[in-house]
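For reference, the structure is listed below as structure tokens.
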Amino acid sequence: MRKKTDKNFTLRIVAAILIIIIVPAIFNNDILTARAETDRVNIGEKTPVKIEIDSPDEKADTPAVVTEITPGVTEKSKTGLENENSTTTDNGTPPINSADDKEEKSRIEKEQIYIKAEELFEHPEIILNAYKEAYPGLITDITRGENDWTVKFRNGNIYYWADGKILPESVLPESNKYISYSIYPYNMNGRCPELYTEEQIVKLRVIKKPGKKKKFIPGEEGSLYKELFAITTKKSAIKHLSEVKLAGHYIQVHRSIAEKIKSIDSKISCLAKTDPEVRTFVKTIGSVQSFNWRKVAGTNRKSNHSYGIAIDILPKKYRKKTIYWSWEQEKNKDWMLLPQSSLWTPPDPVVKIFLAEGFIWGGHWDKYDTMHFEYRPELIFLSKSIKFN
């Protein structure tokens, strides 16, 4: 009996000791865990959580995208604070909405001039500066003289504005024999027949006959084209030709634009590998034409084909599409009202490639000529510096 009592006493002693040791340990561990959790929250540890956000690049009816982000980044993303004081993104590039970008955009908008299209020739400084921007290797200065604006070429020759005729001093006494250069507001956004007024429609319907009194002599003595392309006659034009390849067709162009044509050809060829529409366009080209010493149909002035700076791309089949206003007006008095979808046109990426190299496209004209491209960088510079009515 005594031994049993001693055994029970011993067990109670051991239990008491275990309670004394284990309970405080458990209590202290809970305190440490709670304190650690508090400290983790206080120092802003970014524990990943899952939230649902709508993808900005998808349609509204598509499922939301589940993304893991941190609370700190979430709040900044909502407010845009992550870029507030930064000048670069994570990859080292300037942020899209940086203060510098906004300032530059504001500056450009302020510098753009808003004028009426019909008042363009009242601003010779704008037109002449567009020429200077377009031909920096040839034109060095545009200045306002005592009586007229002047254009100074790198070779020392000086031309005068002369009411848009741009002539050397030697022919100024006979300036009435010349007509103004073909300078106009080029609309890079294209024609919009549904917005034509009745007045515009009537004006387009009138077929002008060639003038007999005045003449346009871009390739003869006393001409701006003499300075830009060193051409005065057909013989001199041929002398400056260079053969290049465009979309699989060899053409002769003015040597000053040969590298641009090579660049265009390379870009179209590269794009055709990934763009089915461009690939089909290239395969269905019937012919590509450039140099042709001739006048513009229905006028007394030389075509830009005469200087090797214009290109015509014709398809093998038109597939009931219209390509040139003059051909269409013979059978349709409302030719000008045809929507762009009724015209044969190169793919939009192809047109943009030409524009980037300084070529304008005849498909943008009210009197459309969708096969036609010509090198007129001055008109592109003009369209970028002016907002027309």
Looking only at the stretch 116-160, how many residues end up being under 15 Å from TYR184 (Cα atoms) and part of a loop (DSSP other than H, G, I, E, B)? 2
Keeping to the stretch 355-375, report how many residues are within 10 Å of TYR186 (Cα to Cα) and either assigned to a loop (DSSP other than H, G, I, E, B) or of a type in the set (Val, Ile, Thr) (or both). 2
Within the stretch 244-264, residues among the hydrophobic types (A, V, I, L, M, F, W, C), under 20 Å from PRO346 (Cα atoms) and not in a strand (DSSP E or B) come out as ALA247, ILE261, ILE264
Return the pair list, or none, for Cβ contacts closer than 6 Å from residues in the stretch 359-370 that are more than 14 Å from SER182 (Cβ to Cβ) and touching a residue at least 40 places away in the same chain (Cβ under 8 Å) to residues that are β-branched (Val, Ile, Thr) and in a loop (DSSP other than H, G, I, E, B), at least 6 apart or on different chains. GLY363/THR345; GLY363/THR370; THR370/ILE323; THR370/THR345
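Go through the stretch 161-181 and give me each residue that's β-branched (Val, Ile, Thr) and either closer than 17 Å to LYS132 by Cα or within 39 Å of the chain's Cα centre (by Cα) (or both).
ILE166, ILE179
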For the stretch 256-283, give me each residue that is in contact with a Gly (Cβ under 8 Å, 6 or more places away or on another chain) and of a type in the set (Lys, Arg). LYS260
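Name the residues in the stretch 184-239 that are among the β-branched types (Val, Ile, Thr), farther than 30 Å from GLU169 by Cβ, in a loop (DSSP other than H, G, I, E, B) and at pLDDT 80 or above, would you?
THR197, VAL206
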Which members of the stretch 134-170 meet the condition of being touching a Ser or Thr at 6+ places or on another chain (Cβ under 9 Å) and aliphatic (A, V, I, L, M)? ILE142, VAL151, ILE158, ALA162, ILE166, LEU167
Starting from residues that are part of a helix (DSSP H, G or I) and among the polar types (S, T, N, Q), keep the ones in the stretch 307-354 and report whichever is farthest from VAL296 (Cα to Cα). SER341
Take the residues in the stretch 191-210 that are surrounded by 15 or more Cβ atoms within 10 Å (Cβ to Cβ) and of a type outside the set (A, V, I, L, M); name whichever of them is nearest to TRP361 (Cα to Cα). ARG191
Kindly provide the set of residues from the stretch 283-304 that are without any contact (Cβ under 8 Å) to a residue 60 or more places away in the chain, surrounded by 15 or more Cβ atoms within 10 Å (Cβ to Cβ) and closer than 24 Å to ALA230 by Cα, ordered by number. GLN289, SER290, PHE291, TRP293, VAL296, SER303
Condition check for ILE142: surrounded by 13 or more Cβ atoms within 10 Å (Cβ to Cβ) and modelled with pLDDT of 95 or more: yes
Restricting to the stretch 182-198, what's the tally of residues that are in contact with a helix residue (DSSP H, G or I) (Cβ under 6 Å, 6 or more places away or on another chain) and farther than 20 Å from GLN340 by Cβ? 1
In the stretch 132-152, which residues are touching a Leu at 6+ places or on another chain (Cβ under 7 Å) and closer than 23 Å to PHE359 by Cβ? TYR135, LEU138, VAL151
Flag if LEU314 is under 25 Å from the mean Cα position of the chain (by Cα), within 19 Å of GLY362 (Cα to Cα) and either surrounded by fewer than 20 Cβ atoms within 10 Å (Cβ to Cβ) or free of Cβ contacts under 8 Å to residues at least 12 places away in the same chain (or both): yes
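The values are calculated or read from the model by the stated rules, or taken from the named source; none is laboratory data. Please read these numbers as outputs of a predicted model, since none were measured by experiment. Cβ: placed from backbone, ideal geometry, glycine included. Neighbour counts: every protein chain shown.
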